[in-house]
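Heads up, the thing below is written out as C-alpha cells.
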Amino acid sequence: MKLSIKTPRDFLNPLLAKKSIDKTKFDAFNSNLQIYIHGIHSQHNSGQSEPNIVSNTLQPFIQSLNYIAEVHSQKGQSGIDLAIKKEHKVSVIIEAKKYQDRDMISKEDLHKKSFYESILYFMRERHQGNQNIYHIIITDFYSWFVFDAKDFDKLFWQNRQIKKIFEGINSNSLLGDRTADFYDLVAKELPNLKANLFDDLSIECAYFNLKDDNTEKELIAIYKLLSVDSLLKEFNPNDANSLNREFYSELLYILGLEEVKNGGKKLISRSVKPQIGSFYENIADKLSQRGKNSDFETIIRLIIIWVNRILFLKLLESQIVSWNKNNDYKFLNQDKIVDFDALENLFFDVLAKKPTQRRHKEFDYIPYLNSSLFEFSPIENDNLSVSNLSDDAVMEYYAKTVIKDEKTNRKSGTVSTLAYLFEFLDAYDFGSMGSDDIFAPTNKTLINASVLGLIFEKINGYKDGSFYTPSFITSYMARESLQKSVIDKFNAVFEIEVQDFDELKRYCDKHNYKNEFLEQANTLINSITICDPAVGSGHFLVSALNEIIYIKYQLGLYAIRGLNIKLANDELIVSLHDEWFEYVKPKSYDSDNHLLQKLLFEEKQRIIENQLFGVDINPNSTQITKLRLWIELLKNSYYTQSAELVTLPNIDINIKTGNSLISRFELKDEIKINNIKQEIKNYKKIVKEYKENIGGKKEVLASIENLKDKFRLTLK
C-alpha cells in the first residue's frame with residue numbers, strides 16, 4: 001500500500017476550496033499558527049516528550065480552531081494522542097510522533113508504526129459503535145497527513161482479513177502484547193492488498209509541512225482544511241444551491257405575494273395584508289383604471305415576466321462589474337433607472353437593440369441581448385406594460401428586511417417600490433457566479449444561478465406547487481445517461497469494447513495526440529441530443545450542459561495548457577495554471593484567460609443551440625428554462641476585439657410549449673405531404689440563419705407555423 005498525496009486545496013471539496021473567507025478570521029488563524037510553530041520548535045529543542053508537546057502546544061492550537069480536543073482513553077487501553085470530539089464522541093483521531101521519530105510515516109513510506117496505530121484506534125472506535133469519525137491525522141507536529149475516515153472504513157474495517165486480525169487481538173483469551181501483535185500482523189497483510197493484479201493499493205491523503213515556506217494561498221488552503229467545515233464535514237455543498245428563505249420571503253413581499261399551504265402543496269397567492277405600493281396592487285390598480293380584467297392569473301403572469309427580466313439583469317450587471325472591475329457599470333439603481341418608464345426603455349430600447357440602434361447611448365456598455373426575454377409578450381400587449389405602473393407608489397419596508405441603515409439597524413418607514421426593489425437586490429451578492437475573491441469582499445449573502453432557478457420555479461408553480469429536483473439527482477441522471485451514450489458511440493465508431501468510463505479515459509489518453517482523433521471524438525459527443533419532455537425549470541438540461549463539458553475535459557478533448565475542471569454539485573469549477581479562473585476584460589485577446597472564456601462560451605452556445613431540447617405544457621416553465629440556459633451562458637460571455645460582449649443565442653425554437661404525452665404520428669411513420677422534404681430543408685436553412693443572427697425570428701416562426709399547418713392537414 002502506498003500514499004496518494006494531494007495538496008490541501010485538491011483534497012478539499014472543490015466548492016469549499018473556492019469559497020471566499022473572512023480575512024479577520026484568517027489573520028487570527030495565522031497568528032495562532034505562528035505561536036504553534038514557535039512552541040513546537042522550542043519544545044523539541046528542549047527535549048520535551050510527545051505527551052508534553054501535545055498538551056502544551058498541539059492541543060491549544062487545535063482548540064484555537066474552535067474544537068473540543070482532548071486525550072482520549074479507549075476503555076482503559078492505550079489512548080488516542082489527541083481527539084477532536086463532537087457531541088462527546090471522537091470525530092477526528094490525531095496520532096502524534098516527535099519530529100524525526102523513526103515510527104513517523106513519510107510521503108515515501110507509509111508502512112510505519114504511526115500508521116498501524118491509527119488503524120488500530122479507528123478500528124476500536126468502530127468496534128465500540130462510533131460511526132461519526134470524519135478524519136484521521138498523523139503528524140510529527142510539522143508534517144501533517146490528513147486521511148478521510150471513509151477510506152479507513154472501506155480499506156480496513158470492511159476488509160475481512162484486517163478485521164479478522166483486529167478481532168483476534170481484541171480477544172481476552174490471548175496472552176502477550178496484543179497491540180504489538182496487531183502492528184506486526186497488519187504490517188504483513190497490507191502489502192497483500194492490491195488495486196488489481198499488478199498495482200499496489202493506494203490511500204489518499206492531504207499533506208502539508210509547516211517547515212515549508214508556504215505562500216498565502218497555501219496557508220488559506222491549510223486554514224480551510226483544518227476548519228470545522230472540512231475536518232467535521234460541516235460544509236454542505238447543497239447549501240449554496242438551496243432556497244434562501246430570507247431572499248425569497250422579502251422578494252414575495254415586494255411583489256405583493258405570499259406563500260400559503262394548501263394540503264400538501266405550497267402555493268403562491270395575493271398577500272393577505274396587501275401593501276398598496278407592491279407590484280401586485282400597483283398592477284391591479286392600473287388594470288382596473290384601463291378597464292382590463294385584474295384577475296390573479298393575469299397579474300401574476302405579468303409579475304413573472306418582469307421579475308424574470310430584472311433578476312436576469314441583476315446577474316448581468318454583476319458580471320459586467322466583475323469583468324471590468326468597476327462599480328460605475330452598475331445600472332439597476334435609481335440614479336440610472338429613475339422610474340418605470342426608464343425600466344421599460346432598458347428592456348426594449350437598450351437590451352433588445354444593438355448599440356448602434358439605441359437612442360440611449362449612456363448604456364452602450366450593456367450588451368444587446370438577442371432573446372425573447374426582452375420582447376413585448378402578448379400579455380403585455382393585451383393588458384399592461386411596465387411603464388404604465390405608478391412611479392408614486394410607496395410601501396413599507398418588510399419587518400424582517402435585510403436592508404440596513406447607517407447604524408446597521410433594519411430599515412423601516414416607507415419607500416418607493418422601484419427604489420425598494422433595487423435596494424433589496426443590492427443587499428445580496430450576485431457577483432460570485434463566475435469569480436472568486438480570496439477574501440470575502442462583503443458580508444452579502446450569495447444568490448447564484450441555481451438559487452434563482454429554484455426561486456423561478458417556486459414562483460412559476462404559483463398554482464400547482466413547485467417540484468424542484470435537487471442538483472445531486474439531476475447531476476446523477478445526466479452523468480449516467482451521457483456517459484453510457486458516449487461509451488456506446490465510441491465503441492461503435494472506433495470498433496472498441498470499453499466497459500466503463502474510466503476505461504474510455506485510458507483509451508483516449510493513448511490517442512489524444514492525434515488531431516484526427518480529437519476532431520472525430522468531439523464530433524461524436526457533439527452528435528448527442530437530449531430532450532426533456534417535462535422540462536420544468538430546465539434543471540436537468542443545465543446538468544446535461546455541464547456534464548457534456550466535463551466529459552470532454554475528462555477525455556482530454558480541450559487542448560488548453562494548465563486547464564483543470566471539476567464538476568461539483570452541478571457546477572463547473574474551473575482553474576487555469578493552478579489559479580481559480582476569473583475572466584476580466586482582456587488587455588490581450590490572445591491570453592489564456594480570454595481564450596478559455598471564449599472556448600467555454602462557444603462550447604455552451606453550441607450545446608444549447610444544437611444538443612439541448614425541452615418541452616413543457618406550462619408556458620411559464622418553458623420561459624424559465626430559456627432563462628436558466630441564458631444564465632449559464634452569461635457566465636462565460638466574453639469581449640470581442642471591438643470591446644463588445646457577445647450576444648446570447650437564439651434558443652426559442654429548442655424549448656417549446658406543448659403536451660409531450662400525445663402525438664399525431666408514430667416515430668417511424670412516413671409522412672405523406674407534397675414537398676415535405678423540401679419544406680423541412682427550407683425550415684432547417686432558416687433555422688441555421690436564425691441561429692447565426694442572419695435571419696429574423698419572424699421568418700423562423702412563420703416557417704414553423706407553415707410546417708405545422710401542413711402536418712394538421714395530414715391524415716395518419
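The values are calculated or read from the model by the stated rules, or taken from the named source; none is laboratory data. Please read these numbers as outputs of a predicted model, since none were measured by experiment. Here the Cβ positions follow ideal geometry from the backbone for every residue, glycine too, while neighbour counts run over all protein chains shown. In case anyone asks, the SASA skips ligands and DNA or RNA and just uses the protein heavy atoms, side chains included. Shrake-Rupley method; radii C 1.70, N 1.55, O 1.52, S 1.80 Å.
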note = Of the residues in region 645-664, those that are of a type in the set (Gly, Ala, Ser) and open to solvent by 80 Å² or more (accessible area, probe 1.4 Å) come to SER663
message = Tell me which helices (runs of 4 or more DSSP H) are completely within region 497-556 and hold 1 or more residues being of a type in the set (Lys, Arg), or say none if there are none.
response = 501-509, 539-554
query = Counting only residues that are in contact with a Lys or Arg (Cβ under 6 Å, 6 or more places away or on another chain) and more than 17 Å from ILE320 (Cβ to Cβ), how many does region 633-650 have?
reply = 1
ask   = In region 361-375, which residues are aromatic (Phe, Trp, Tyr) and under 11 Å from TRP306 (Cα atoms)?
value = PHE374
message = Return the residues of region 101-157 that are β-branched (Val, Ile, Thr) and either surrounded by fewer than 18 Cβ atoms within 10 Å (Cβ to Cβ) or assigned to a strand (DSSP E or B) (or both); say none if nothing qualifies.
response = ILE136, ILE137, ILE138, THR139, VAL146
ask   = When region 559-580 is examined, which residues are found to be without any contact (Cβ under 8 Å) to a residue 24 or more places away in the chain and open to solvent by less than 50 Å² (accessible area, probe 1.4 Å)?
value = ILE565, SER575, LEU576
request  = Test PHE312 against the criterion of being open to solvent by 20 Å² or more (accessible area, probe 1.4 Å) and either of a type in the set (Phe, Trp, Tyr) or on the phi > 0 side of the Ramachandran plot (or both), and give yes or no.
outcome  = no
note = Checked region 31-58 for anything among the polar types (S, T, N, Q) and surrounded by 17 or more Cβ atoms within 10 Å (Cβ to Cβ); matches are GLN43, GLN48, THR57
ask   = Listed residues ILE80, ILE35, ILE94; which is of a type in the set (A, V, I, L, M, F, W, C), in a strand (DSSP E or B) and at pLDDT 95 or above?
value = ILE94
query = Picking from ASN241, ASN236, which residue would you name as being touching a Ser or Thr at 6+ places or on another chain (Cβ under 9 Å), surrounded by 19 or more Cβ atoms within 10 Å (Cβ to Cβ), farther than 25 Å from THR139 by Cβ and at pLDDT below 85?
reply = ASN241
query = Given the structure, is LYS266 open to solvent by less than 10 Å² (accessible area, probe 1.4 Å), among the basic types (Lys, Arg) and closer than 25 Å to GLU457 by Cβ?
reply = no
note = Exactly one of PHE61, PHE11 is under 21 Å from VAL146 (Cα atoms), open to solvent by less than 30 Å² (accessible area, probe 1.4 Å) and not hydroxyl-bearing (Ser, Thr, Tyr), and that one is PHE61
remark   = Residue hits (region 64-82; closer than 15 Å to LEU226 by Cβ and either open to solvent by less than 70 Å² (accessible area, probe 1.4 Å) or not β-branched (Val, Ile, Thr) (or both)) are SER64, LEU65, ASN66, TYR67, ALA69, LEU82
message = Within region 614-716, considering only helices (runs of 4 or more DSSP H) that don't extend past its boundaries, which have at least 1 residues that are at pLDDT 85 or above and closer than 30 Å to LYS463 by Cα?
response = 619-634
remark   = ASP488: passes all of (1) without any contact (Cβ under 8 Å) to a residue 24 or more places away in the chain; (2) more than 28 Å from PHE540 (Cα to Cα) but (2)
task = Could you please give the count of residues in region 519-557 that are hydroxyl-bearing (Ser, Thr, Tyr), surrounded by fewer than 17 Cβ atoms within 10 Å (Cβ to Cβ) and touching a residue at least 24 places away in the same chain (Cβ under 8 Å)?
result = 2
